[in-house]
1. Tell me, which residue of segment 42-56 that is under 14 Å from the mean Cα position of the chain (by Cα) and not basic (Lys, Arg) is modelled with the lowest pLDDT?
2. Examine segment 68-77 for a residue that is on the phi < 0 side of the Ramachandran plot, surrounded by fewer than 17 Cβ atoms within 10 Å (Cβ to Cβ) and either part of a loop (DSSP other than H, G, I, E, B) or of a type outside the set (Ser, Thr, Tyr) (or both), and state whether such a residue exists.
3. From Val164, Val124, grab the single residue that is over 13 Å from the mean Cα position of the chain (by Cα), surrounded by 21 or more Cβ atoms within 10 Å (Cβ to Cβ) and assigned to a strand (DSSP E or B).
4. What single numbered condition from (1) in contact with a Gly (Cβ under 8 Å, 6 or more places away or on another chain); (2) closer than 19 Å to Ala149 by Cβ; (3) in a helix (DSSP H, G or I); (4) not hydroxyl-bearing (Ser, Thr, Tyr) fails to hold for His101?
5. I'd like the full set of residues that are in a helix (DSSP H, G or I) and in contact with a strand residue (DSSP E or B) (Cβ under 7 Å, 6 or more places away or on another chain), limited to segment 169-182.
6. Where residues in segment 169-186 are more than 22 Å from Val158 (Cβ to Cβ) and of a type in the set (Val, Ile, Thr), which of them is surrounded by the most Cβ atoms within 10 Å (Cβ to Cβ)?
7. Here are Ala117, Ala89, Ala49: which of them is touching a helix residue (DSSP H, G or I) at 6+ places or on another chain (Cβ under 7 Å), crowded, with 21+ Cβ neighbours inside 10 Å, on the phi < 0 side of the Ramachandran plot and touching a residue at least 60 places away in the same chain (Cβ under 8 Å)?
8. Hey, Glu58 hits all of (1) acidic (Asp, Glu); (2) over 21 Å from His112 (Cβ atoms); (3) not in a strand (DSSP E or B) but one; which does it fall short on?
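The values are calculated or read from the model by the stated rules, or taken from the named source; none is laboratory data. Computed from a predicted model, the values in this text were never measured in an experiment. Glycine also receives a Cβ, built like all others from the backbone with ideal geometry; neighbour counts cover every protein chain displayed.
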Amino acid sequence: MQPIILASQSPRRKQLLEWAEVPFEIIVQETDESYPPTLPVEEVAIHIARNKALAIVEAVHPSIPVLAADTIVVLGDEIIGKPKDRADAIRILTKLSGQAHRVITGVVILQHSKEIAFADTTHVQFHTLTPAQIAFYVDKYQPFDKAGAYAIQEWIGVVGIQSVVGDFYNVMGLPVSRVVQSLQSLGE
């Protein structure tokens, strides 16, 4: 597979691409992660990912593909972002406790004038969590850089998640099998 640029500092996306043995280098540009308030929820993550990819293309003008992704957590129609602090993380996890939510990762791959863009959705059902479990997780794992205030591959995913319908790795931040298929289609 040809090398790519990963437009993300996420250690989870890096790990997933390493597991898939995709050769890459990381280049990141600061980007605005806001989105139009009228944008449908399903398109928000693609919009943000596209901005991340375009920032790299404009700054570096690479000849190899640029991969950018953004993951959001959606409860009902509410997008739940990254927690601001401990209290916010506890508030978010309390809201998710016992509930089903969607994890949507938007992916954009740019190479020259060609764009591949898609969103992958995974449905996650939490068990009802006790306040003590939530506080333990937040204090030990400090999930302040994670949408929805949790990482499925950590303790809370092992004990707190009842079911996952869809791509598990999408919840980690990248639907890696679909990404690999998309990268392979660039060469066709």
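1. Once the filter is applied, the top-ranked residue is Glu42.
2. yes
3. Only one candidate qualifies: Val124.
4. So the condition that His101 fails would be (3).
5. Taking segment 169-182 first, the residues in a helix (DSSP H, G or I) are 169-172, 176-182.
Asn170, Val171, Arg178, Val179, Ser182, listed by residue number.
6. Val179
7. Details: Ala117 fails: crowded, with 21+ Cβ neighbours inside 10 Å; Ala49 fails: touching a helix residue (DSSP H, G or I) at 6+ places or on another chain (Cβ under 7 Å).
One residue alone meets the criteria, Ala89.
8. With respect to (1) acidic (Asp, Glu); (2) over 21 Å from His112 (Cβ atoms); (3) not in a strand (DSSP E or B), Glu58 is out only on (2).
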